Every structure is written in C-alpha cells, then in structure tokens.
Amino acid sequence: MPHHEQPQKPFIPLSIAVLTISDSRSLADDRSGTVLVDRLSTAGHKLAARDIVTDDVEAIRAVVSDWIDNPGIDVIITTGGTGFTGRDVTPEAIEPLFEKRMDGFSVVFHMLSYGKIGTSTVQSRATAGVANATYIFCLPGSPGACKDGWDGILAAQLDYRTNPCNFVEIMPRLDEHLRRDKAR
C-alpha cells in the first residue's frame, strides 16, 4: 500500500437521540423527527431516545439536560423552534447548555439551505454545540431542513470513516478538560 493511503477505518455506530419541538405534532404525524430517525438508522446508528415537547424553554431544556447527562447518548438532534416567532425558543432553551458553540454548523447549514430556498434561509436560527461530551444539533422543523442537515452535514461528520476529519474521532477528547481537572 502506498504511504499516502490509509487503511479503511471501521464504521462506529453512535447513539443518537431525536427531539421534536412542536405545539402541534405527535409521534404519529412527526414527519421531521421521522426523517431524522430513518436517516440515522439507515446510516447504521442507534436511536437512543425520541421525544416530542412543546415550544417551552423549560420543557425543552429538561429533556435535553437529561439526555446530556445520559452516558448512553452521544448525539442529540432537535427539530423545530428555530425560527423567529414568539413560540420559537429552541436556541434560547439549548444554547445556555453549550460548553462550546459550533458556529460552523450554522454557516454550512445556511450555505446548503440557500442553494435550495434562497434568502429564506435567514429565517432559521439553526445552531449546534457540545455539552458534557455530547454533540447537540438544532435543526428547523421542516422535513426538508432535516434532510438537508442530515444529508449535507451530519451523515458525513457522524461517520468515523470521513476524511480528513469528523466528529467521531474527537469524541474521546471532548471531556479532556474534565479529566485534566481530576488529575490535578
């Protein structure tokens, strides 16, 4: 094998939780959550949890906080509540939980979205970050936005085989600041 080629890395399945934020949806008609569940399952990941909560800061934060504290959940993907209406409170609920904000996620999401819906993409406050060594991605509530977010960003970044880098390979180091503190 030439020195510049790398052996194929194995796929590493992640445990992913999906939270739909909506005042009007139930699991039976949650098309956006279903898009995410179908795509993560097809990719080979495990659905760790799925829930629906209303557009309420405390309700959203309670579920996400529980999932962040669950060592069996690697990734949280939310759908809904990222717009500008009075009921859209997902960023307000979740961003205070972030230890580190992932500004590039929003930038790339908007680039992908702009190609499909033009300037209407500015009406989304899609956001992402890391809390307690858990990745959190907040997507808009439309099935199309969930497809774009998964197909255009998350499918590759949540796959250990993606080069030159991906989120999976840095997962063991997400909490190194906590371990360092314990070592002192």
With the charge dipole of the chain built from beta-carbon charges (+1 for Lys and Arg, -1 for Asp and Glu) about the Cα centre, the Cα from Leu97, Gly72, Ala155 projecting farthest to the positive end belongs to Ala155
Where Cα atoms sit under 28 Å apart: lysine pairs in the chain separated by 8 or more or lying on different chains = 8
Quick one: dipole size for the stretch 1-124, taken about the Cα centre, charges +1 on Lys/Arg Cβ and -1 on Asp/Glu Cβ, in debye to the nearest 20.
-> 480 debye
Long-range amide H partners of Gly81 with built H, under 5 Å | Gly141
In whole Hz, the Karplus estimates of ³J(HN,Hα) for the stretch 10-27 (6.51, -1.76, 1.60; θ = phi - 60°; x where Gly or Pro) are x, 6, 10, x, 9, 9, 10, 9, 10, 10, 9, 10, 7, 8, 10, 9, 10, 4
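Take every Cα pair under 8 Å in the chain that's 6+ residues apart, average their separations, divide by the length, and report that relative contact order as a whole percent. Kindly include the intermediate steps, with their values, before the conclusion.
Working: 308 pairs, mean separation 43.3, N = 184.
Computed value for the chain: 24 percent relative contact order.
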Here the stretch 72-184 gives, from Cα atoms, an Rg and Dmax in Å of 15.0, 51
So what is the calculated 222 nm ellipticity per residue for the chain, using -39500 (n - 2.57) for each DSSP H run with n of 4 or more, over all residues, to the nearest 500 deg cm²/dmol?
-> -10000 deg cm²/dmol
Once Lys and Arg get +1 and Asp and Glu get -1 on their Cβ, which of Pro13, Thr85, Leu36 lies farthest toward the positive end of the dipole of the stretch 1-89?
-> Pro13
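I'd like the Kirkwood hydrodynamic radius of the stretch 1-114, using the inverse of the mean 1/r over distinct C-alpha pairs, in Å.
Working: mean 1/r = 0.0632 Å⁻¹.
Result for the stretch 1-114 stands at 15.8 Å.
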Specify the inter-centroid distance of the stretch 119-180 and the stretch 18-56, based on alpha-carbon positions, in whole Å.
-> 16 Å
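Each reported figure results from applying straightforward, stated rules to the coordinates on display, with no laboratory input. Since the model is a prediction, treat every value here as computed from it, not as a measurement. Methodologically, a virtual Cβ is constructed for each residue, glycine included, from the backbone with ideal geometry; neighbour enumeration extends over all protein chains shown.
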